[in-house]
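Peer 1: Please read through the structure below; I'll follow up with questions.
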Amino acid sequence: MTGAAIAISLGCCLLFFAWLQRHQLPFAKRINANRKIQPQHPQLERKLLKLLGGNQNTANRLILQSRRRYPDKSADWHWEKAIYDLERDRWR
């Protein structure tokens, strides 16, 4: 093989691996998990924020953690889970 053929083959391999790395399923899940999620029922957001003293950053973090761990659940389920976990941990 000539040097040009080797360079072209190597370039194609690098492009393929870059494409493969970009299109893996965990990467796609990560993008979707980072979007802000709103509950269907606003009282869930109010209740969670009340438990957290109004700390929106902590509420978002709890919801994102839940979404990463349980990606197939509904929006309200994640809010209810965060509320349940906080209440459970506070009364131990």
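Peer 1: Going by how many other beta carbons lie within 10 Å of each one, how would you line up 77, 19, fewest first?
Peer 2: In order of increasing Cβ crowding within 10 Å: 19, 77.
Peer 1: Give me 50, 73 ranked fewest to most by other Cβ atoms within 10 Å of their Cβ, as a rough exposure proxy.
Peer 2: Least to most surrounded, the residues fall as 50, 73.
Peer 1: Right, something else. Which of 79, 91 comes first, and how do the rest follow, when ranked by fewest Cβ neighbours within 10 Å?
Peer 2: Fewest to most other Cβ atoms nearby, the residues stand as 91, 79.
Peer 1: Relative to the present Cα-Cα distance, how much length would full extension add between residue 72 and residue 18 at 0.36 nm per residue of separation?
Peer 2: Working it through step by step, the gained length comes to 16.6 nm.
Peer 1: Net charge around residue 41, counting only other residues with Cβ within less than 13 Å of its Cβ (Lys, Arg = +1; Asp, Glu = -1)?
Peer 2: Result for the neighbourhood of residue 41: -1.
We did not get these values from a lab; they are worked out from the coordinates using the rules stated. Note that the structure is a prediction, hence the values are computed from the model and not measured. Here the Cβ is made from the backbone with ideal geometry for all residues, glycine too, and neighbour counts use every protein chain on show.
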